Every structure is written in C-alpha cells, then in structure tokens.
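Peer 1: Structure provided below as structure tokens; questions to follow.
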Amino acid sequence: MATTSSTASARQQLSLPLGKGIALELVHIPAGSFQMGSPEAEHGRRDDETQHPVTLTKSFYIGKHLVTQQQWEQVMGSNPSMEKGPDLPVTDVSWDECQEFLGKLNAAHHGGFRMPTEAEWEYACRAGTTTTYAFGNTITRDEANFDGVSITPVGKYPPNAFGLHDMHGNVWEWCNDWYAPSHAGAATDPQGPAEGETRVLRGGTFFNSDAFVRSANRVNLSPTNRTDIVGFRVAREA
C-alpha cells in the first residue's frame, strides 16, 4: 500500500503568476513509498509495467492541471496547438520545446521547474491508491476524458485524492525520463536511464480505451515528436 506523509485535506498549493491574470497552479505532493507498475492480472496490462517498490524521499510540486494554451502563450508568445482554446491543454509541443518553456519559467521565477519523473508522475496519479485507476479498479466517462471524440478544457473532470485533474485521459503527458522497457527491482528516487532514444509519456488520451488511461500504463516517443494528443504538466522542487 502507498504511504504518504500528509492528507489531501491539508494539501499545500502554489500559485505562480505568469502575467495578465494568468497563473500556474501547483499542488504539493509529500514524500512516500508505493508499488509502481501493475499486477500481472490487471486489465490491459503491458509487459513493461513490472511491479516494484519505489520510495520518493523528497516532496515536490506538480501541476494541478495540464499546461494550458493560454499559459503556454503567455510564457512563449505563441500557441502551436492544432485545436485552439485558452483552457484546453497545450498540444503539438515536443519534449525539447517543453524544456524551453521550463527554462523561461526558471529564468523568471528563481528556478526549480522541470518535468515530473516517471515515478513522480505515477505516484501523483495514484494519490495513495493501489487500484487500476485513482478512482478504483474501473473508471467511467464521468471521471475522465477517454473513449471519446475531443480534448476537453482542464479541470472539467473530478480530481484525484491529491487534487490533480486529468491524470487519466485527455492528452498524453511527457515525463522527464528516457524510456526503459523494464524496471529492475526496488528503487529510491529513480530518474530513468542516463540516455536513450525516446522519452516516457503517461496518462492516455481522450480517444483511448480505459486500458490506456490506467495509472501504470506507459508509452514512449522521440523527444522531437509533436502531436495533437500530447501535452505536459509542470513539476517543481519543494
């Protein structure tokens, strides 16, 4: 069972002003331990989800929502998303371009911003649960944007127990790690491989089936890839 050092009711939040009344909201996630990956009997399980214990020794902040188009445009001065909408997740951004966004945040706001590691992402997604999804072993279209037809504005669906929205569905989310096809035993503060060819994405999309939006599901893409079903959320050192 996952363990955490504080309760959702006492969750600390950080609001970062970007200008023109636009802010980036992040939620504090406590240090703790959890079982990363999925049990062999889980519906939709993939071979690269070997279950193993992970300990995160440091708390961190993570975006309450995916980065929106208005947030991206305020920082970067442009909006690359194919489907436009200020409160829609920014899409069509490569992993490399997201690093430029983070670099601008760091320059303007005293550093510490980055992408979440894959382990941090899953830990935050699970929010203390051991089930297939943060909402239990099944998920409905009232709880997440999956098995549908279009991207939806951030925050439309209920948050998990950590107060995070859209961890299941809507658009894939870049993580910081290079992709590795397997995990090797217990890990403390894992960062992924030192090098690789593709980066990890998590969360699934609006048109994927329920199997793809599971807490443990993982896919990978070249860091230069741009697509209208991929976005990201920000993390920050606590």
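Peer 1: Counting only residues that are at pLDDT 95 or above and among the hydroxyl-bearing types (Ser, Thr, Tyr), which one in the stretch 176-188 is surrounded by the fewest Cβ atoms within 10 Å (Cβ to Cβ)?
Peer 2: Among those that are at pLDDT 95 or above and among the hydroxyl-bearing types (Ser, Thr, Tyr), it is 188.
Peer 1: Is it true that some residue in the stretch 1-11 is at pLDDT 95 or above and either assigned to a loop (DSSP other than H, G, I, E, B) or basic (Lys, Arg) (or both)?
Peer 2: Taking every residue of the stretch 1-11 in turn, none turns out to be at pLDDT 95 or above and either assigned to a loop (DSSP other than H, G, I, E, B) or basic (Lys, Arg) (or both).
Peer 1: Related question: For the stretch 36-45, enumerate the residues that are surrounded by fewer than 17 Cβ atoms within 10 Å (Cβ to Cβ) and touching a residue at least 40 places away in the same chain (Cβ under 8 Å).
Peer 2: 43, 44
Peer 1: Can you say whether residue 75 is without any contact (Cβ under 8 Å) to a residue 60 or more places away in the chain and either in contact with a helix residue (DSSP H, G or I) (Cβ under 9 Å, 6 or more places away or on another chain) or of a type in the set (Phe, Trp, Tyr) (or both), as far as the supplied structure shows?
Peer 2: Yes; evaluated as a whole, the condition is true for this residue.
Peer 1: Test of understanding: among 101, 162, which residue is surrounded by fewer than 21 Cβ atoms within 10 Å (Cβ to Cβ), in contact with a helix residue (DSSP H, G or I) (Cβ under 7 Å, 6 or more places away or on another chain) and either of a type outside the set (D, E, K, R) or outside any loop (DSSP other than H, G, I, E, B) (or both)? Spell out the reasoning first.
Peer 2: Details: 162 fails: surrounded by fewer than 21 Cβ atoms within 10 Å (Cβ to Cβ).
On inspection, the qualifying residue turns out to be 101.
Peer 1: Being of a type outside the set (Val, Ile, Thr) and either more than 23 Å from residue 13 (Cα to Cα) or touching a strand residue (DSSP E or B) at 6+ places or on another chain (Cβ under 7 Å) (or both) narrows it down to one of 111, 85, so name that one.
Peer 2: 85 is the lone residue from the list that is of a type outside the set (Val, Ile, Thr) and either more than 23 Å from residue 13 (Cα to Cα) or touching a strand residue (DSSP E or B) at 6+ places or on another chain (Cβ under 7 Å) (or both).
Peer 1: Scanning the stretch 189-235 for residues that are among the small types (Gly, Ala, Ser) and farther than 22 Å from residue 125 by Cα, which turns out surrounded by the most Cβ atoms within 10 Å (Cβ to Cβ)?
Peer 2: Once the filter is applied, the top-ranked residue is 196.
The values are calculated or read from the model by the stated rules, or taken from the named source; none is laboratory data. The shown structure was predicted, so the numbers you read here are calculated from the model rather than taken from an experiment. So basically every Cβ, Gly included, is an ideal-geometry build from the backbone, and we count neighbours across all protein chains shown.
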